[in-house]
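Colleague: If you scroll down you'll find the structure; I have some questions about it.
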Amino acid sequence: METLRDILDAAARGVFPPADGRTTVVPQACDRDAGVLAFTAHAVVFTDEDPEWVRETLHATDCDPLAAPMNPRFLAALLDRTGRTAETVDAMLVGSPLPGEPPLALAEIEDGEHPRIVYARGRRDEVRAWTADGGVLVVGRGVGGRPEVSVEVDEGVRHRGLGRLLVAAARHLVNEPLWAQVSPGNARSMRAFQAAGYQPVGSELLLSARARSTGCSRSRS
């Protein structure tokens with residue numbers, strides 16, 4: 001059976017689910033993460049709920065069938081059904097690994113208390129963090145075990161290209177495709193990731209377990 005990680009790995013290579021207007025339902029890769037991915041004319045719901053319930057609820061959603069998986073009514077029903085929480089629908093972007101050294105000096109830190117690092121530890125496993133002059137870069141394994149990146153730039157040094165350098169640097173720190181989840185309304189961040197070579201591949205709503213510290217130790221991928 002195709003797994004969530006299979007779908008993500010294929011998308012990172014530019015091979016997407018068929019644009020047939022259908023929704024694929026696959027099990028969660030671990031207990032922590034459930035959610036919905038939207039590609040071109042195809043959606044993926046990753047949940048341990050009954051697939052038949054998912055399909056019936058989508059069919060009953062009063063909207064264009066192509067829009068149903070990301071329709072607020074369906075998402076609210078999925079949240080109620082699972083007892084989970086969510087924040088926002090993000091754009092999914094992915095960048096391939098790059099050889100050589102990062103384009104700026106980074107210092108890895110073992111036990112950072114920066115809010116970006118603390119946040120990442122609640123959502124990802126194997127979290128590593130680096131600091132640069134005026135910014136922090138965090139990489140960890142998130143949805144389906146994929147590597148994910150996030151950055152934070154200090155207010156006093158914004159608008160100088162540091163965010164773009166940090167997300168570009170992250171591609172030199174991994175040996176597999178690196179994913180980013182960016183709110184479409186955060187135009188500054190979207191521009192930084194795209195300028196650093198990340199490509200948009202779809203959208204995503206992550207449904208988080210209420211006890212975010214549970215981690216993905218029970219991975220099923």
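The values are calculated or read from the model by the stated rules, or taken from the named source; none is laboratory data. Just so it is clear, the model here is predicted, and its values are computed rather than measured. Here Cβ is always computed from backbone atoms with ideal geometry, including for glycine, and neighbour counts include all displayed protein chains. The accessibility values were calculated without ligands, DNA or RNA, using every heavy atom of the protein model including side chains. Shrake-Rupley method; radii C 1.70, N 1.55, O 1.52, S 1.80 Å.
Colleague: With every protein chain left in place, what is the accessible area per residue of the chain in square angstrom, probe 1.4 Å? Mind showing how you got there, number by number?
Modeller: Details: 10960 Å² over 221 residues.
I get 50 Å² per residue for the chain.
Colleague: Then there is this: When the solvent-accessible surface of protein heavy atoms is calculated with a 1.4 angstrom probe, in what order do R171, R116 fall, highest first?
Modeller: Numbers: R171 25, R116 65 Å².
Per-residue accessible area, sorted high to low, gives R116, R171.
Colleague: Accessible area of D6, 1.4 Å probe, to the nearest 10 Å²?
Modeller: 70
Colleague: Figure the gain on full extension for R191 and E2 (residue separation times 0.36 nm, minus the Cα-Cα span) and round it to one decimal in nm.
Modeller: Numbers: separation 189, 0.36 × 189 = 68.04 nm, distance 3.28 nm.
Fully extending the segment from R191 to E2 adds 64.8 nm.
Colleague: So, one more: Scan region 70-171 for GluC sites (Glu not before Pro) in coil per DSSP, keeping those whose Cβ has at most 11 other Cβ atoms within 10 Å, and list them by number.
Modeller: E87, E110, E113
Colleague: In whole percent, and with a 1.4 Å probe on the protein chains, what portion of the accessible area of the chain is carbon and sulfur? Intermediate values should be presented prior to the final figure.
Modeller: Numbers: 5410 of 10960 Å².
About 49 percent, which is the carbon plus sulfur part of the accessible surface.
Colleague: Quick test of your reading: applying the under-4.7 Å Cβ rule, which cysteines of the chain are isolated?
Modeller: By the Cβ distance rule, which asks for a partner under 4.7 Å, the isolated cysteines are C63.
Colleague: Once you have a ≥ b ≥ c as the square roots of the Cα gyration tensor eigenvalues for the chain, tell me rounded if a/c is under 1.5, and otherwise prolate or oblate according to whether a/b is larger than b/c. Could the numbers behind the result be given before it?
Modeller: Working: a/c = 1.91, a/b = 1.69, b/c = 1.13.
Cα axes put the chain in the prolate bin.
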